[in-house]
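This report concerns only the one structure given below.
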Amino acid sequence: MVATHTTRATQPHDAAGPRAGHPGRRGLSPRLSPRLSLRRPLWLTPQAEGLLALLVTVAIWAAFALSARALSASSLLPADAALLRFGVPLVVLLPALWRRRRRIAAVRPGAAVKIICGAGVPFFLAAMHGGALTSAAFVGSIVPGMVPLFVSAIMIRRGHGVPRGTQAAGLALIAAGVAALVWRYVVPVDTDVLAGSGILLVASGLWALYTVGLREVDLDPVGSIGLLCLPSFAVIGVLVLTGVLPTGITHAAGGDIALFLVVQGLGVGLCAGLLYAFAIRRLGAERSSVVGSLSPVAVVLLAVPLLGETPTLAVLVGVPLITAGVVLANRRPRPEVPADA
């Protein structure tokens, strides 16, 4: 997934918190910092630590897009992948979440709904289904790439200023990149790809809602993961037990279970949020978001050997446009006058 930007003119450059998109981006609390800042080798500088953590995070984001496409060919069903995605972090973080139970319970309902819906079961099922109908390149580009546009729309609706300058140019490039991805499926019409693209746009809009919700809560990365995963796991569990969503995990291949456990549960659900927060502390939000924008490119490159996908001309044009647009959209202008002055 890729970081994005929302204007918070009343706060300093980095005080507004990390950019949009991924679980636990609000930065590490002082209590968490010693646990993640283990003693490093003398040759490894803090900047190198941050860059290494960020590169691992980008690889995890790319793996999410690849797994969304690979799910259609695995022995697991979407509900099975969701159980692993939201269940594994709960098991691993259970003691830490218990200590944070009061702070999690104190989150305002409106912000909690944004987080739970925006990155929980609705988002997960939309991303998986959209990926099954399209390609990994579409998942890795449309879902994170459109987030800045959706977040900007939410901010404008709330009365914030319209993006301008390089941010406006970035949003225009993102829209052009998405249009370049889907144009060849319009004439002649490919209903599966167009439907999948529409579902991925819904997933992107949900993730933008999650992004805004994260900025409204006062939780560290572990608390944010708990707020997301606990109700999401409960919802998917009820849907499975009542038969609304079918499950085949008891008959699934062990290799498929292990793959999604590592990629979705440990990788996306746990490591990505913690590592990205660590990278932001080392590198800052601006540099982290620029490097993070490379995830669509990583998805395209990895999909060739891992999934046998061949980049089309539309992908070769659209993905660079989206990546450049995300970089520009993440540039935070220095406000001349605070919005609330």
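The values are calculated or read from the model by the stated rules, or taken from the named source; none is laboratory data. Computed from a predicted model, the values in this text were never measured in an experiment. Backbone-built Cβ (ideal geometry, glycine too); neighbour counts: all protein chains shown. Surface accessibility is based on the protein's heavy atoms, side chains included, excluding ligands, DNA and RNA. Shrake-Rupley method; radii C 1.70, N 1.55, O 1.52, S 1.80 Å.
Can you list the helices (runs of 4 or more DSSP H) found entirely within segment 140-237 that contain at least 3 residues being more than 30 Å from Leu307 (Cα to Cα) and in contact with a Pro (Cβ under 9 Å, 6 or more places away or on another chain)? Full working, then the answer.
On the way: elements: 147-157, 165-182, 191-214.
Once the helices (runs of 4 or more DSSP H) in segment 140-237 are filtered for at least 3 residues that are more than 30 Å from Leu307 (Cα to Cα) and in contact with a Pro (Cβ under 9 Å, 6 or more places away or on another chain), what remains is 147-157, 165-182.
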Handout entry: Any pair with Cβ under 8 angstrom, 6 or more apart, that starts in segment 163-177 at a residue that is over 8 Å from Ile322 (Cα atoms) and ends at one that is open to solvent by 50 Å² or more (accessible area, probe 1.4 Å) and among the hydroxyl-bearing types (Ser, Thr, Tyr)
Key = Pro163/Thr7
Practice task
All but one of (1) open to solvent by less than 10 Å² (accessible area, probe 1.4 Å); (2) on the phi > 0 side of the Ramachandran plot hold for Gly159, so report the exception by its number.
Solution key: (1)
Exercise for the section: State whether one or more residues within segment 107-128 are open to solvent by 60 Å² or more (accessible area, probe 1.4 Å), part of a helix (DSSP H, G or I), among the aliphatic types (A, V, I, L, M) and over 20 Å from Leu294 (Cβ atoms). Expected result: yes
Completion exercise
Pairing a residue in segment 53-71 that is surrounded by fewer than 24 Cβ atoms within 10 Å (Cβ to Cβ) with any residue that is basic (Lys, Arg), where Cβ atoms lie under 8 Å and the two sit 6 or more apart in sequence or on different chains, gives Ala53/Arg282
Exercise for the section: Pull up segment 72-84, narrow it to residues that are in a helix (DSSP H, G or I) and open to solvent by 10 Å² or more (accessible area, probe 1.4 Å), then point me to the one that is farthest from Leu241 (Cα to Cα). Expected result: Ala73
Problem - Among the residues listed as Val186, Val182, Val193, the single one being hydrophobic (A, V, I, L, M, F, W, C) and either open to solvent by 60 Å² or more (accessible area, probe 1.4 Å) or within 23 Å of Val58 (Cβ to Cβ) (or both) - result: Val186
